[in-house]
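See structure below.
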Protein chains: 2
Amino acid sequence: MSGRLCIIGVGLIGGSVALAARQKGLFSEIIGVDQNSENLREAEQRGVINGGFEDVTDLPGNFDVVMLATPVGDMQRLFELLKPRWFSSTVYTDVGSTKESVVEAANHVFGSVPSNFVAGHPIAGSEKSGIGAARADLYQAKRVILTPCAKTGAGPLQDVRDLWEQIGAVVSVMEAHHHDQIFAATSHLPHIVAFALVDMLGRKDEQDEILKYAAGGFRDFTRIASSNPRMWLDICMGNRKELMCLIEGFKNELSRINEMLENNERDKLLDSFQFARDTRQRFLERFDVD
Amino acid sequence: MSGRLCIIGVGLIGGSVALAARQKGLFSEIIGVDQNSENLREAEQRGVINGGFEDVTDLPGNFDVVMLATPVGDMQRLFELLKPRWFSSTVYTDVGSTKESVVEAANHVFGSVPSNFVAGHPIAGSEKSGIGAARADLYQAKRVILTPCAKTGAGPLQDVRDLWEQIGAVVSVMEAHHHDQIFAATSHLPHIVAFALVDMLGRKDEQDEILKYAAGGFRDFTRIASSNPRMWLDICMGNRKELMCLIEGFKNELSRINEMLENNERDKLLDSFQFARDTRQRFLERFDVD
């Protein structure tokens with residue numbers, strides 16, 4: 001490509017797209033939008049973007065691709081700001097971790113999802129956030145899911161697919177609702193569980209001692225509890241129906257284990273641990289994108 | 001030291017003690033006991049032990065230190081086998097992850113805990129198990145907790161402390177009951193939660209897709225679900241009273257979060273995530289032994 005890319009929200013996710021696109025020479029110019037002027041300046045100084053705006057309403061119109069890379073809770077407001085200057089020649093996409101909420105926001109603002117908007121979700125990230133954590137290779141061999149609607153144009157879908165593939169990602173397509181079901185299980189529930197566990201232990205009287213004697217297993221188990229709280233608030237709220245269902249299911253699973261402990265059902269508990277270990281082994285064997 | 005060390009159970013934990021003691025030249029001879037003859041042969045071939053026995057009743061008596069490094073569920077049976085050949089000149093210790101259950105097993109077999117038995121727990125390990133995972137530096141800068149009873153001799157306690165310190169560990173002393181309370185929170189509950197979550201997701205119809213789209217966060221969060229199931233069965237059973245209490249507490253925490261989701265209480269949920277993140281940050285700052 002020789003066109004222009006605009007990244008709205010120059011943090012870990014958006015900044016990494018910009019870095020990778022620049023490394024591959026995909027655009028002649030990359031412009032950033034970020035309410036945080038310091039972030040914007042850092043992105044410019046690191047050569048992530050050619051220039052930037054703090055306010056999305058100051059944006060000129062001639063972009064080939066505009067990527068919304070803010071927390072999902074900002075999407076509706078962004079759509080409202082973009083609506084008066086929504087260009088049919090531009091392809092719009094987002095990187096939100098929930099997809100139904102983004103589709104709903106677009107429906108709410110535009111009446112229906114514009115044909116040149118392609119909802120997307122890169123399965124990559126880190127518990128670190130901000131432009132300082134951005135890396136050109138963040139999407140290398142990582143999955144990206146696109147969730148087009150019935151009205152989404154084939155051209156915009158192909159453009160967004162091409163962009164991700166050119167920066168190393170492996171693209172899948174699925175429905176937004178199905179996406180949200182899968183990610184409630186694989187990502188949102190684990191985050192809730194990690195936040196909840198660390199929250200609970202941090203409120204105990206003996207928390208200092210608990211943290212003192214916690215070891216490497218605890219560090220890894222709780223890594224995702226260091227994730228950006230605001231971003232995860234939006235994700236959990238954006239997928240709360242699925243998530244609430246899974247939390248109830250998980251509470252039942254814990255009750256089942258408590259019963260096994262209470263009734264001294266060693267064989268059942270061992271089966272359960274063994275099954276979990278085998279399941280994780282299957283995950284590890286296919287973890288590298290196949 | 002120039003004496004003899006016996007390790008009963010030559011796996012990750014016992015094998016790593018043997019490797020470290022050998023590297024430091026602490027004993028003239030290290031003998032292993034393991035029911036698994038293949039494990040024993042591998043330990044001998046790797047130079048971890050000088051020789052070994054499959055049966056603890058074949059052990060000669062002249063050891064300076066005997067370390068019980070089997071799953072905690074084996075302790076009572078081991079004490080029974082050792083009782084007829086319990087030497088007052090030997091110092092006995094263990095490495096079990098629960099301490100009240102070990103003290104109870106000793107009480108049950110001997111009437112009271114022998115003065116030359118020092119219960120201990122090294123806070124080091126891995127989701128990997130077996131002699132193949134043993135490393136001479138496993139205990140370097142790691143914590144070891146000793147939980148002596150009122151009757152424990154000062155000499156044996158000092159000997160066990162010296163052994164751990166000489167292979168790089170930082171030793172603390174506390175009561176067995178207090179130990180079990182702390183580790184129910186910091187280690188046993190996280191393991192149960194990880195096992196339970198992977199177990200639940202592995203039983204879902206869409207489990208293939210869930211695992212397909214799981215990413216690095218899921219891998220780290222569930223790492224402890226790959227831990228040795230038999231060992232963790234014993235640990236959970238050995239500390240089940242504390243553990244059951246904490247599981248109930250954790251279910252309440254999850255209910256609290258589900259209520260926030262249901263009632264759209266964004267501020268409360270954000271506070272909770274933020275508190276968890278701050279708590280983990282405090283943990284990271286003191287993670288290296290201070």
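The values are calculated or read from the model by the stated rules, or taken from the named source; none is laboratory data. Note that the structure is a prediction, hence the values are computed from the model and not measured. As a convention, Cβ positions derive from the backbone with ideal geometry for all residues, glycine included, and neighbour counts pool all protein chains shown. Heads up: the accessible areas ignore ligands, DNA and RNA and are worked out on the full protein's heavy atoms, side chains in. Shrake-Rupley method; radii C 1.70, N 1.55, O 1.52, S 1.80 Å.
Computed quantities for the displayed model
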read-out	value
In Hz, Karplus ³J(HN,Hα) per residue of the range B:277-284 (6.51, -1.76, 1.60; θ = phi - 60°; x = Gly, Pro)	4, 5, 4, 5, 4, 4, 4, 4
Charge dipole of the range A:41-116 about the Cα centre (unit charges at C-beta), most positive-ward option of A:Pro71, A:Ser97, A:Val113	A:Val113
Descending Cα extents along the principal axes, chain A, whole Å	68, 41, 35
Listed peptides A:122-135, B:229-242, B:79-92 by packing density, highest first (mean Cβ within 10 Å)	B:229-242, A:122-135, B:79-92
Rounded percent of accessible protein surface that carbon and sulfur make up, the protein assembly as shown, 1.4 Å probe	44
Cβ-vector label at 7 Å, B:Thr57, separations to other copies in nm	8.8
Volume in Å³ per residue [convex hull over Cα atoms, computed for the range B:27-80]	88
Alpha-carbon gyration tensor eigenvalues x 5, square-rooted, for the range B:226-270, Å	32, 12, 6
Ranked by how many other beta carbons lie within 10 Å on average, peptides B:247-257, A:190-200 from highest	A:190-200, B:247-257
Copies compared at A:Ala150 - label distances in nm, ascending, label defined 7 Å from Cα in the Cβ direction	7.9
Accessible area buried, both sides summed, chains B and A with 1.4 Å probe, Å²	9100
Rounded accessible area per residue of chain A, 1.4 Å, Å²	39
Segments B:36-45, A:218-227 sorted - mean Cβ within 10 Å per residue, highest first	A:218-227, B:36-45
For chain A, calculated [θ]222 nm from helices alone, where every DSSP H run of n ≥ 4 adds -39500 (n - 2.57)	-15000 deg cm²/dmol
Share of Cα-Cα pairs in the protein assembly as shown lying beyond 48 Å, as whole percent	23
Cut-off 12 Å between beta-carbons: net charge of the residues surrounding B:Arg280, Lys and Arg +1, Asp and Glu -1	0
Chain A: angle of helix A:189-202 to the longest principal axis, Cα-based, in degrees nearest 10	60
Calculated from backbone phi, Karplus (6.51, -1.76, 1.60) coupling profile of the range A:102-110 in Hz, x at Gly/Pro	6, 4, 4, 4, 5, 4, 4, 7, 9
Sequence-distant residues sharing a close amide H with B:Asp94 (under 5 Å, placed H)	B:Leu68, B:Val118, B:Gly120
For B:Glu54, net neighbour charge (Lys/Arg +1, Asp/Glu -1) across residues whose Cβ lies under 13 Å away	-4
Shielding by partners - mean other protein chain Cβ count within 10 Å, residues of A:261-272	4
Threshold 50 Å² - residues in the range A:210-234 whose accessible area is reduced by that much or more when the chain is no longer isolated, probe 1.4 Å	A:Leu211, A:Lys212, A:Tyr213, A:Arg219, A:Asp220, A:Phe221, A:Arg223, A:Ser226, A:Pro229, A:Leu233
Stokes-Einstein diffusion coefficient of the range A:4-174, Kirkwood radius over Cα pairs, 20 °C, 1.002 mPa s, in µm²/s	137
Nearest-0.05 FRET efficiency for B:Asn263 and A:Glu54, computed from C-beta distance (R0 35 Å)	0.55
Spin-label model distance (nm) - A:His177 vs B:Arg282, 7 Å beyond Cα toward Cβ	4.5
The range A:173-180 - phi-based ³J(HN,Hα) in whole Hz, Karplus 6.51/-1.76/1.60, Gly and Pro as x	10, 8, 6, 4, 5, 5, 3, 5
Normalised per residue, the volume of the convex hull around the Cα set of the range B:179-285 (Å³)	142
Dipole axis of chain B (+1 Lys, Arg; -1 Asp, Glu on Cβ), positive-most option in B:Ile192, B:Ile167, B:Ile8	B:Ile167
Shortest-first distances to equivalent copies, position B:Asn107, nm, label 7 Å out along Cβ	6.3
Surrounding net charge for B:Cys6, when Lys and Arg each add one and Asp and Glu each subtract one, Cβ distance under 10 Å	-1
